[in-house]
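Report on the following structure.
Bear in mind these aren't lab numbers, they're just calculated from the coordinates by the rules spelled out. Keep in mind it's a predicted model, so treat the numbers as computed, not measured. Positions of Cβ are backbone-derived with ideal geometry, glycine not excepted, and every protein chain shown enters the neighbour counts.
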Amino acid sequence: MDHSQSTDPSIDRIVEEVRGLEGALVVAPVAGDPDVPEPAWGDAFFYYAPDGQMPTNVQPYGTVVTKNYPEDTSSDLDGPGRWRVNIHVGRTAAAELVDAGTSDFSTADVLLPHPVYGSMGWVCVVTPGPRTTATVLRLLREAHEAARARYARRH
């Protein structure tokens, strides 16, 4: 799915908010993209890349996934209208934001530890709605700023 033509205004809003951040690069592979593995088609990956080039030596600071991945099915993203935003906030912030003992990773519109990468400081929200959209956008801005600071230290 090309997020610039997405049918979900919430995904569009998140992607456009990130695109509006200084130095942000949003990589949103479309079906048939020969340079990207098929499972990533339709998803979005957020980087700090002031040169506009996708970094090869860093992970994105945030993603939007629109389906289950083989090793990541507990959010039940294959159902209609379900998707998830993932944000790297760091271990300390993640521990303060979410209950690490969470076992139901399919609950929508709730800030959760990432089902696979929670121990590495990632949080997520399945289908953000009225309760979490503002928090998701704030956390993405903060993650972008942290990525910018890491970039500045390396350069």
Inset, instruction - Could I have the simple spin-label model distance between Met120 and Thr56, label points 7 Å from Cα toward Cβ, reported in nm to one decimal? - result: 2.0 nm
Inset, instruction - Beta carbons within 10 angstrom, averaged per residue: use that to sort the peptides 48-54, 22-28, 83-89, 146-152, highest first. - result: 83-89, 22-28, 146-152, 48-54
Legend entry - Amide H within-cut-off set for Ala24, under 5 Å, with H built and near neighbours excluded: Ala49
Inset, instruction - Divide the volume of the convex hull of the Cα atoms of region 104-155 by its number of residues and quote the answer in cubic angstrom per residue. - result: 71 Å³
Inset, instruction - Place a +1 charge on the Cβ of each Lys and Arg in the chain and a -1 charge on the Cβ of each Asp and Glu, then give the dipole magnitude about the Cα centre in debye, rounded to the nearest 20. - result: 580 debye
Legend entry - Between region 39-81 and region 96-127, the alpha-carbon center distance in angstrom: 16 Å
Legend entry - Table column - 3J(HN,Hα) (Hz), region 25-38, Karplus curve with 6.51, -1.76, 1.60, x for Gly and Pro: 10, 9, 9, 10, x, 9, 3, x, 4, x, 8, 10, x, 3
Inset, instruction - Give the peptides 121-130, 91-100 in descending order of average Cβ contacts within 10 Å, highest first. - result: 121-130, 91-100
Inset, instruction - Equivalent ellipsoid semi-axes for the chain, as square roots of 5 times the alpha carbon gyration tensor eigenvalues: give them largest first, rounded to whole Å. - result: 22, 20, 15
Legend entry - Mean Cβ neighbour count within 10 Å, used as a protection proxy, ranking 35-42, 61-68 highest first: 61-68, 35-42
